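Read the structure below first, then the notes.
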Amino acid sequence: MDITERKQAEEALLLSNAELRLHAEQLNRFNRAAVERELRMIELKKEVNQLRQRMGEAAPYPLEFE
């Protein structure tokens, strides 16, 4: 019984699975970086708002989600 095709299909699946894992890891790293960047931007906007309020000026960044 020749199982060459089956072995080739199994190898192709293993390769495809490894590629998907790599892409998932890359996407996860990108998402983490994007979220960290957004959180930092929010913190900076809070700081600017606080400084402007101390100066008696209006806060330039509305942060309604707080």
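The values are calculated or read from the model by the stated rules, or taken from the named source; none is laboratory data. Treat the numbers as computed from the prediction; the structure is a model and nothing was measured. Don't worry about glycine lacking a Cβ; one is built from the backbone with ideal geometry, like all the others, and counts go over all protein chains shown. Surface areas here come from the heavy atoms of the whole protein model, side chains and all, with no ligands, DNA or RNA. Shrake-Rupley method; radii C 1.70, N 1.55, O 1.52, S 1.80 Å.
Could you tell me which residue of the stretch 16-66 is farthest from the chain's Cα centre (by Cα), considering only residues that are of a type in the set (A, V, I, L, M, F, W, C) and outside any helix (DSSP H, G or I)?
My answer is Met55.
Every residue, every condition in (1) open to solvent by 100 Å² or more (accessible area, probe 1.4 Å); (2) among the β-branched types (Val, Ile, Thr); (3) touching a residue at least 12 places away in the same chain (Cβ under 8 Å), yes or no:
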residue: Thr4; (1), (2), (3): no, yes, no
residue: Glu19; (1), (2), (3): no, no, no
residue: Gln26; (1), (2), (3): no, no, no
residue: Arg29; (1), (2), (3): yes, no, no
residue: Ala34; (1), (2), (3): no, no, no
residue: Glu47; (1), (2), (3): no, no, no
residue: Gln53; (1), (2), (3): yes, no, no
residue: Gly56; (1), (2), (3): no, no, no
residue: Phe65; (1), (2), (3): yes, no, no
